[in-house]
Amino acid sequence: MEKTRTYKTAIYLRLSKEDGENKESQSISNQRKSIYEFIRKSNEDKFVVIDEYVDDGYSGTNFDRPDFQRLLEDIETKGISAIITKDLSRLGRDHILTGYYIENYFKDKGIRYIAINDNIDSKEDDSFDMLTFRLAFNDFYPKDTSKKILKIKKLKQEKGEYQGSWAPFGYRKSKTEKNKLEIEPEQAKAVKMIFDLYTSGKTTIDIVRILNENGIKSPGLYANQPKYMQRL
């Protein structure tokens, strides 16, 4: 029987927009709770958590994430011997790089990797039997989600629905109809003046001077933007 071992453990937590409608169940707090529950119930080995690494709002499609990079640094200096995530997709969604870290980098560093929900544990010889398929699916998911989002946006645009966060100068978002724009009377006067001045041969510098002389606010002022963005 294999002797019980104590692992200096790093907990890695990640969440991004690509996690979609299941965001609540994948929340950082939920991931943390699941991992600590796993550690509490562990009978064979002891996991001593030395630090948590949290990338909240970072995509799993690349590994250029602040706390993951900090984790890599600490692997070299703090003697980390185990890394636990709630599932494989928390570690990463790029199947090539995720596979590299699990099967090469962690292994070379003598690190035990556990993905709880996917029943991945590098200590178990048969744990990686389905790893390639799981990694491929995790890689496919954000790409498929992105295509669906783009398709939905295109359909809405074809129906004349406005998709921007801010209404363009001269318009305002309707308070009664979602994704609809209405003419903003005061701004519309400025837009018309700019058009008339331009078609009459005025330069952009001339137009700015005339607008300022007439006390017409810039688009940035209308939108309450920071001062450096308020120039016309």
For region 86-109, pairs from a residue that is farther than 15 Å from ASP121 by Cα to a residue that is among the small types (Gly, Ala, Ser), with Cβ under 7 Å and 6 or more apart or across chains, are GLY92/GLY60; ARG93/GLY60; HIS95/ALA136
Working only within region 41-62, note down all residues that are closer than 25 Å to GLU124 by Cβ, outside any strand (DSSP E or B) and either touching a residue at least 40 places away in the same chain (Cβ under 8 Å) or not polar (S, T, N, Q) (or both).
-> LYS41, GLU44, ASP45, GLY60
(1) surrounded by fewer than 19 Cβ atoms within 10 Å (Cβ to Cβ); (2) at pLDDT 75 or above; (3) at negative phi; (4) not aliphatic (A, V, I, L, M) all hold for LYS147 apart from (2)
Qualifying residue in region 99-110 (condition: modelled with pLDDT of 90 or more, closer than 18 Å to ASP67 by Cβ, part of a strand (DSSP E or B) and out of contact with any helix residue (DSSP H, G or I) (no Cβ under 6 Å at 6 or more places or on another chain)) | no
If we keep just the residues of region 64-88 that are assigned to a helix (DSSP H, G or I) and touching a strand residue (DSSP E or B) at 6+ places or on another chain (Cβ under 7 Å), which is modelled with the lowest pLDDT?
-> LEU88
For region 35-59, name all the residues that are within 17 Å of the chain's Cα centre (by Cα) and under 11 Å from TYR12 (Cβ atoms).
-> TYR53, VAL54, ASP55
If TYR36 satisfies every condition in (1) of a type outside the set (Asp, Glu); (2) touching a helix residue (DSSP H, G or I) at 6+ places or on another chain (Cβ under 6 Å); (3) modelled with pLDDT of 95 or more but one, which is the exception?
-> (2)
Taking only region 10-33 into account, find how many residues are at pLDDT 95 or above, of a type in the set (Gly, Ala, Ser) and part of a helix (DSSP H, G or I).
-> 0
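The values are calculated or read from the model by the stated rules, or taken from the named source; none is laboratory data. These numbers come from a predicted model, not from an experiment. A quick note on method: Cβ atoms are made from the backbone with ideal geometry, for glycine too, and the neighbour counts reach across all protein chains shown.
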